[in-house]
Each structure stands twice: as structure tokens, then as C-alpha cells.
Amino acid sequence: MTATRTPAARSKGATSALRLVPLREGMFKMPRSMNGKPRLLGQRCTSCGEQFSNQREFCANCCQPTLENVMFGTTGEITTYTTVRQQLPGALIEAPYVIARVRLDEGVSVQTILSEIEPDDVEIGMKVVSCLKQVTEDDSGNAVVNSFFKPANKRRRARA
Ligand SMILES: [Zn+2]
């Protein structure tokens, strides 16, 4: 297999010159394109194997300073969630939206905002996959993006 660039993707007037800028550095590995899946960054304790979604000095399980940086996968399952209905001043995301706790396939839990789903359709146990969404743009017109999760499967409304 050879990777070929399609001319159509680089047509004039396309926004390919604009960069993807993370909302916060060090939270996830930026995919190559807007359609790519961001991978969340975290840590793993080399002494006991416990994993963490945030940066820390010592392992919260065994208290050793033996933490290495790891990159988690892109899929997981909703373990709990809450719906935000009030629009907060200065918030980059428009209410209503759902904040969910997602247990990644690696076993570590992360807090995230769900995308591409209505609050009423969210269910505990739902499989989700990471995605990139633009939340604003910077002074240069670059897309400022953040990692979100969306349903892994297209849902069809079976029930009437
Ligand atoms: Zn440990």
C-alpha cells in the first residue's frame, strides 16, 4: 500500500493552512486531522500498575514516585453522567450538554464532555469513542480544539 495525497484535499480555498491548537497542552495527543481520534495522555505506575488520567508526582495507590507517561486508547464506556442545562458565562460549549465519566478500555476513568448526542439519549454502559471538536479559534484563525467523546455506534431509534 502506498499513501497518496488526493489533490481534492488540497484544493484552493481549503482551510488546510490553519493549524489545530489544543485548548490545553498535555491533555491528549493531537490527531493529524479534525476527523482523527485524540488519544488522552496519562500516567501508569511501574511499581503497581495503577493508571491515572491526570499528572501526579506519586502513585495514589502505592505512594511510589514511579510514574511513567502513557497514551490511552480512544474507546470506553460511560459509567455515570450529568446534564448541564444552565449556560455559564464565558463557557465555550452551549448548554445543554452532558458531562460523563468514561471508563477507557485500559481501565482508567476520565471525565469528558459528550458530543453528537442529545442528553436524553445518553445511557450508562454506552460505548463511546474519542473525537475532536473545535471550541473556538485563536487570534491567527487557527482552530482551538478539545477532546470529547461521542457514541461509538450510530444509534437507531428502535422504540416508538
Ligand atoms: Zn503504584
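The values are calculated or read from the model by the stated rules, or taken from the named source; none is laboratory data. Just so we're clear, the structure is a prediction, and the values are computed from it rather than from any experiment. Cβ placement follows ideal geometry from the backbone for every residue including glycine, while neighbour counts extend to all protein chains displayed.
Hey, any hits in region 106-118 for a residue that's under 16 Å from Lys37 (Cβ atoms), within 16 Å of the ligand (Cβ to nearest atom) and surrounded by 14 or more Cβ atoms within 10 Å (Cβ to Cβ)?
Residues of region 106-118 under 16 Å from Lys37 (Cβ atoms): 106, 110, 112-116.
From the residues that got through so far, the ones that are within 16 Å of the ligand (Cβ to nearest atom) too are 106.
So of that shortlist, the ones also surrounded by 14 or more Cβ atoms within 10 Å (Cβ to Cβ) come out as 106.
Taking every residue of region 106-118 in turn, at least one turns out to be under 16 Å from Lys37 (Cβ atoms), within 16 Å of the ligand (Cβ to nearest atom) and surrounded by 14 or more Cβ atoms within 10 Å (Cβ to Cβ).
Limited to region 57-94, what total is found for residues that are within 12 Å of the ligand (Cβ to nearest atom), surrounded by fewer than 12 Cβ atoms within 10 Å (Cβ to Cβ) and in contact (Cβ under 8 Å) with a residue 12 or more places away in the chain?
Adding up the residues that qualify gives 1.
Looking only at region 92-107, count every residue that is under 20 Å from Asn69 (Cβ atoms) and modelled with pLDDT under 95 and tell me the total.
So the count comes out to 2.
Which condition number does Val98 fail, the rest of (1) within 13 Å of the ligand (Cβ to nearest atom); (2) surrounded by 12 or more Cβ atoms within 10 Å (Cβ to Cβ) being met?
Every listed condition holds for Val98 apart from (1).
Which residue, of Pro89, Pro7, is more than 26 Å from Asp138 (Cα to Cα) and modelled with pLDDT under 95?
Details: Pro89 fails: more than 26 Å from Asp138 (Cα to Cα).
Being more than 26 Å from Asp138 (Cα to Cα) and modelled with pLDDT under 95 holds for just one of Pro89, Pro7, which is Pro7.
Select from region 21-56 the residues that are within 16 Å of the ligand (Cβ to nearest atom) and basic (Lys, Arg) and write down the one among them that is surrounded by the fewest Cβ atoms within 10 Å (Cβ to Cβ).
Result: Arg56.
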